[in-house]
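J.: Would you mind keeping the following structure in view while I ask a few things?
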Amino acid sequence: MSTLYNSAVKYERNVLASILLNPDHAYDEAAQLRVSDFSLDSHRRICARMKGLAGSSRPINITTLTDELERHKELEEVGGCGFIASLIDGLPDRPSIKDDVTMVREAAGKRHIAREAHLLEQHAMNGASTGDLAARFSALSEQIISDYAPAQIACYTRPR
């Protein structure tokens, strides 16, 4: 799981940095991401504040993001101004973040499935019937299909 985690963090940073550097272009490409798709708490907080800025039609840049995190008393929790500024360090110069977004979603889906599989295992060990486990598995399958269908998910909405 550590390989999945490490690569997810790299792709998450690329997505967040791309949004900071080119928010108009990145809105469309990151539209399928949810705050909960990010593995690190700091990345989830940053995504949530970016979403808030976008929702209020305010620009997303290092200054506005830092101000928004400070206003919510989250700046230090995410690593401070230095961490926000460091997001853009070493960002590959690419015209698209679609692959990064796909990798973030893929990792989020795998984490979700792994957590739910562990819960199913616990239910089995605690004496749940096969019928109950099958029903839970079926519901989980439907939820995963629903949650990870790109048209159903939006983290960023382009300001109109």
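The values are calculated or read from the model by the stated rules, or taken from the named source; none is laboratory data. None of these values were measured; they are calculated from a predicted model. Positions of Cβ are generated from backbone atoms using ideal geometry, with glycine treated the same way; all protein chains shown enter the neighbour counts.
J.: When the range 108-153 is examined, which residues are found to be surrounded by 14 or more Cβ atoms within 10 Å (Cβ to Cβ), within 15 Å of the chain's Cα centre (by Cα) and either at pLDDT below 85 or not in a helix (DSSP H, G or I) (or both)?
T.: Matches in the range 108-153: 147, 148, 153.
J.: Of the residues that make up the range 59-82, is at least one of a type in the set (Val, Ile, Thr), under 27 Å from residue 110 (Cβ atoms), in contact with a Cys (Cβ under 9 Å, 6 or more places away or on another chain) and surrounded by 15 or more Cβ atoms within 10 Å (Cβ to Cβ)?
T.: no
J.: Another one. Test residue 23 against the stated conditions and say whether it is surrounded by fewer than 19 Cβ atoms within 10 Å (Cβ to Cβ) and farther than 25 Å from residue 115 by Cβ.
T.: When the stated conditions are applied, residue 23 does not pass them.
J.: Is there any pair with a first residue in the range 139-156 that is under 20 Å from residue 47 (Cβ atoms) and among the β-branched types (Val, Ile, Thr) and a second that is surrounded by 11 or more Cβ atoms within 10 Å (Cβ to Cβ) and at pLDDT below 80 whose Cβ atoms are under 9 Å apart and which are 6 or more apart or on different chains, and what are they?
T.: 153/31; 153/32; 153/147
J.: Test each condition in (1) over 14 Å from residue 17 (Cβ atoms); (2) loosely packed, with under 14 Cβ neighbours inside 10 Å for residue 90 and report the one that comes out false.
T.: Every condition holds for residue 90 apart from (1).
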